[in-house]
Each structure stands twice: as C-alpha cells, then as structure tokens.
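All remarks here apply to the structure that follows.
The values are calculated or read from the model by the stated rules, or taken from the named source; none is laboratory data. Just so you know, these numbers come straight off a predicted model, no measurement behind them. With ideal geometry, Cβ positions are generated from the backbone for all residues, glycine too; neighbour counts draw on all protein chains shown. Only protein heavy atoms, including side chains, enter the accessible area calculation; ligands, DNA and RNA are left aside. Shrake-Rupley method; radii C 1.70, N 1.55, O 1.52, S 1.80 Å.
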Amino acid sequence: MAIEYLKRGKSDADRAEDDAKTRAVVEATLKDIETRGDAAVRELSEKFDNYSPASFRLSQDEIDDLIAQLSDRELADIKFAQAQVTNFARAQRASMTDIEVETLPGVILGHKNIPVQSVGCYVPGGKFPMVASAHMSVATASVAGVPRIIACTPPFQGKPNPAVIAAMHLGGAHEIYVMGGIQAIGAMALGTETIDPVHMLVGPGNAFVAEAKRQLFGRVGIDLFAGPTETMVIADETVDAEICATDLLGQAEHGYNSPAVLVTNSRKLAEETLSEIDRLLGILPTADTARVSWQDYGEVILCDSYDEMLQVADEIASEHVQVMTDRDDWFLENMTCYGALFLGPRTNVSNGDKVIGTNHTLPTKKAGRYTGGLWVGKFLKTHSYQKILTDEAATLIGEYGSRLCLLEGFVGHAEQCNVRVRRYGGINVPYGAPAPYRDAAE
C-alpha cells in the first residue's frame, strides 16, 4: 500500500491549537451573553459588525422594503432554488410515517414524529450573503411543521442583505434578527430580555459559530457540527486538471480555513492540478481567501488503487465529496463516511450549495462518521407510545415484567407489574415476589 502526499496542510497539532483558542473565546462570550443578555449582544454586534440598530428584529415593513429592493429576476431565482429544496424536503418527510402495530393480542405499540417546537436558524452572511442557507434551514424546518422558526443573519456591508432576508421570509421564518456570530447563537439558545430561547439550533457557520453550537449542545439540540467548509475531489484520468482545480478552489474561497483535498490514482493529474491551481489563483477574484485556505489546508494525496482512494476518503470523511472517475457508482455503493456525494463531472458542489435541492448543511471535522447532514428529519422527534387494551395482555406482560424487574433487583419496578397481575389477572402475587411463570402460549 503506497499513499503519497504531494501536498500537506496544517498538522493536526496546529489545528488543535487553533481549536483551543476558539474554544476559550466562545466560552467567555457565551457566559457574558447569559449574564448580561441584550446589552452583551449589542456590544458584540457593535464590536464585530459595527451594527447597532434600534431593534435587531426586523419589522414586517422592514422585511417588505428589503424584498422590494430585489429585481424580478433575483426574486424568481430565489424562489426557484427554494422550491427545489422544499420539494425534496417534502419527499423526505413523506418517507417518515407514524406507525402503530399490535405486537401481541391487546398490546399496541407505536411512534409519532413530532416537530421540534422552536428552532433557531443561523444563516452566515458577514463575508458572503449565504442566501441558500436560508432555504436549507428555514424552509426545511417549515416543511417539518416547526411552529416557531427564528432566523439570524449578520449584516452585510453594514445593513441587512435583501436577498437573505427574502429567502428567510419566503421560507417561513416567524422572527428575523440581523445579528451574527457567537452573539446570534448565544441569544437564540440562551435567550435575552427580548428574544425567547429556542429548543434547537441549526445552520452552518465559521469556527466560532460551530464551537458555540458545540458548547450549547445539551442545553439545546443542534443539527450537527457544521463548521468551515470542507471539500474533497476523488478523480482519475477520466477528467482533467482544470475541472479538479476549479472544484477545489470553488470551495476554498469560503474562508481562510476551508480544507480542500484531491485524492487520485494519477500522478499526472495530481501534478497538473497543482499547476492549474497556481494559474487559477492568479485570476480568481477571491484568491486572497482561497490562497490561504489552499496553502494551509490544501492536500493532494496520490494512491495506487481505487481501494486506497476509498480508504483515504472514508478516513478523512469530508463534508463535500466530488467523485469523477470511471466507477462513480462504485464509490456511492462503498463509501460510508462523508457529508454528501456529488457524482460525475456534470454535477458539482455548488449545485448542492445553491440550487439542486439537497441540503447543504453538512457534517465537518469527521462528523460524517456518525451523522448525515441537515434534513427534514432533524426537525422531527420520534416519540414512542404503548397501550394495553385487554386484561389478558396486562396480565401476560405484567408477569414477564415482574420477573425481569426482580432479576435486576428492582422491587419497586416489579410491584408496578405485580399490581396489574393482581388486579387484571386475579393472581395473588405477594408484595415484592415474582409473578408465577405461565407460558405465553397458555
């Protein structure tokens, strides 16, 4: 087995040091928000966004005025993209059914899918207004039937971004706030004098937003760990360097710490992609950002075989995985750890990010090993219930339950079963004694 790194990014130790610094900043900031509420949120907004409106929550008139600033074409494009996301979310919702089954005569078991009752949706937008993120969180929560959806986005160039606000409003947000970063996450989760706390936080963000969600998990639910964008290209000689370099840099422009990885079994493609990336960085308008990400987090990994490519890809568990090989469906069948797959050269990560309909809020930092991305099911809680309809069933289950509780030493538990055996079965079980054995077939 020969896996060769033609280019490496920052070491794990350096990345861990960056994470530790972020962790400390977030912890102190959340404590301040919890202690001082709106005052802390306003100070943070002034400090980081130079933004301090009379109210961070937009009124309906303000929302209408912002939407009116969009052209007909811009509004139609937003509606088209949102319709694709909504249509797919509805299909996913239809796959989740409530069930009720009679497992034994008189024993009814079931589950119900109940929406989370309040959700805070974070839509990044300080550097780039992430219009599509509003579809992914707000519109999907709306399809799930969440009764209270609040949405936060930072100001863009000192004011609310009309396109983001339009997407939030059209998606079904009940409350829209213009605030970003840790202060938005903290305000939604912890609550302030003017914002009621939510039950769950969703949406992507930078390292500080992701860490704030991580620290608040347990106090509120979160969708997943969705930090800085990651992308991986798995390619062989069926494609060329231009398409590989474009797909890597297309995601590296997100921020200064966005990993971009090429995994290939072609040395020729690997070397040509490295050269093509240098060429593109000379003409890409966002090269100042993309160059730093590529320098610090970019990697090119040369493998001997497709099996090695698969092994490396599953180990990295990248958020976005673009597969362009002579066996794309083989990777679909065999890959187990990733955020989302983009199969074949005709599609690309930007399709998923903006318009095709799948959700772009996806797991990062290897979280794809244990969770998928945001989808309509994340907004639903599956709750079970049970009921016993006959005396015979109450007696039968009670007898087994009594003995199994005492097997574990739980006398009080056993007595919950025994009282039913005595009452509905007419069987005299002494307090704290096991119910007598009776074959279910009898």
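What does the C-alpha gyration tensor say about the overall shape of the range 1-68? Classify as rounded when a/c is under 1.5, otherwise prolate if a/b is larger than b/c, or oblate. It is oblate, given that a/c is not under 1.5 and a/b is not larger than b/c.
Comparing Cα centroids, the range 215-271 and the range 130-179 end up 26 angstrom apart. Each Lys and Arg contributes +1 and each Asp and Glu -1, all at the Cβ; summed about the Cα centre of the chain, the dipole is approximately 1420 debye.
Which of the peptides 179-188, 108-117, 155-164 is most tightly packed, and how do the rest follow, going by the mean number of other Cβ atoms within 10 Å of each residue? Write down the numbers at each step before the final one.
On the way: 179-188: 27.9, 108-117: 15.6, 155-164: 18.3.
Ranking the peptides 179-188, 108-117, 155-164 by packing returns 179-188, 155-164, 108-117.
Taking only Cα atoms and a 10 Å spring cutoff, compute GNM fluctuations for the chain and point out the largest among Asp14, Asp304, Asp353. Fluctuation is largest for Asp14.
Here the calculated FRET efficiency for Glu46 and Tyr437, from their Cβ-Cβ distance with R0 = 60 Å, stands at 0.25, rounded to the nearest 0.05. Placing unit charges on the Cβ atoms only, positive for Lys and Arg and negative for Asp and Glu, gives the range 193-237 a dipole magnitude near 300 debye about its Cα centre.
The share of accessible area on the chain that comes from carbon and sulfur is 52 percent, using a 1.4 angstrom probe. Taken over the chain, the convex hull of the Cα atoms encloses 202 Å³ per residue.
Using a probe of 1.4 angstrom and keeping all protein chains present, the accessible surface of the chain works out to 47 square angstrom per residue.
So which chymotrypsin sites (Phe, Trp or Tyr not before Pro) in the range 388-430 pass both tests, a DSSP loop state and at most 13 other Cβ atoms within 10 Å of the Cβ? Answer by residue number: Phe410.
Between 0 and 90 degrees, the angle of helix 12-36 with respect to the longest Cα principal axis of the chain falls at about 70 degrees. Scalar couplings 3J(HN,Hα) for the range 44-50, obtained by applying the Karplus form with A = 6.51, B = -1.76, C = 1.60 to θ = phi - 60°, are 5, 5, 5, 5, 9, 10, 6 Hz; x denotes Gly and Pro. The gain in end-to-end length when the Lys159 to Arg90 segment is fully stretched comes to 21.5 nm, 0.36 nm per residue minus the alpha carbon separation.
Along its first, second and third principal axes, ordered by size, the range 239-322 spans 37, 24, 18 Å in Cα coordinates. Please give the helix 306-316 orientation as an angle from the longest Cα principal axis of the chain, in degrees from 0 to 90, rounded to the nearest 10. Approximately 80 degrees, to the nearest ten. Here is the list for the range 197-265: GluC sites (Glu not before Pro) lying in DSSP coil, each with at most 16 other C-beta atoms within 10 angstrom of its C-beta, are Glu237. Taking the average, over residues, of other Cβ atoms within 10 Å as the packing measure, peptides 63-70, 17-24 rank 63-70, 17-24 from highest down. Surface calculation, 1.4 Å probe, protein heavy atoms: Trp294 sits at approximately 20 Å² accessible. Sort the range 41-104 into rounded, prolate or oblate with this rule: let a ≥ b ≥ c be the square roots of the eigenvalues of the Cα gyration tensor; rounded if a/c is under 1.5, and if a/c is not under 1.5, prolate when a/b is larger than b/c, oblate otherwise. Taking the square roots of the gyration eigenvalues as a ≥ b ≥ c, the range 41-104 is oblate. Shown is the FRET efficiency for Val25 and Glu392, computed with R0 = 60 Å from the Cβ-Cβ distance and rounded to the nearest 0.05: 0.45.
For the chain, a Gaussian network of Cα nodes joined below 10 Å ranks Gln295, Gln416, Gln322 by mean-square fluctuation, and the top entry is Gln416. For the range 177-277, what class follows from the C-alpha gyration tensor (a ≥ b ≥ c being the square roots of its eigenvalues): rounded when a/c is under 1.5, otherwise prolate if a/b is larger than b/c, else oblate? Prolate, since a/c reaches 1.5 and a/b exceeds b/c. Site pair Ile356 and Asp326 shows an inter-label distance of 2.4 nm when each label is modelled 7 Å from Cα along Cα→Cβ. Pairs of Cα atoms under 8 Å, at least six residues apart: use those to get the relative contact order of the chain, whole percent. Reported as a whole number, the value is 18 percent.
Mean residue ellipticity at 222 nm, helices only, the chain: -14000 deg cm²/dmol; runs of at least 4 DSSP H residues each add -39,500 (n - 2.57), and the sum is divided by the number of residues. A straight line joining the Cα centroids of the range 40-59 and the range 274-299 runs 34 Å.
Rg and Dmax of the range 123-235, based on Cα coordinates, read 13.7, 53 Å. Could you point to the residue in Ala13, Ala414, Phe156 farthest towards the positive end of the chain's charge dipole, with +1 and -1 charges on the Cβ of Lys/Arg and Asp/Glu respectively? Result: Ala414.
For the range 186-265, applying the loop criterion from DSSP together with a ceiling of 13 other beta carbons within 10 Å to the chymotrypsin sites (Phe, Trp or Tyr not before Pro) yields no site.
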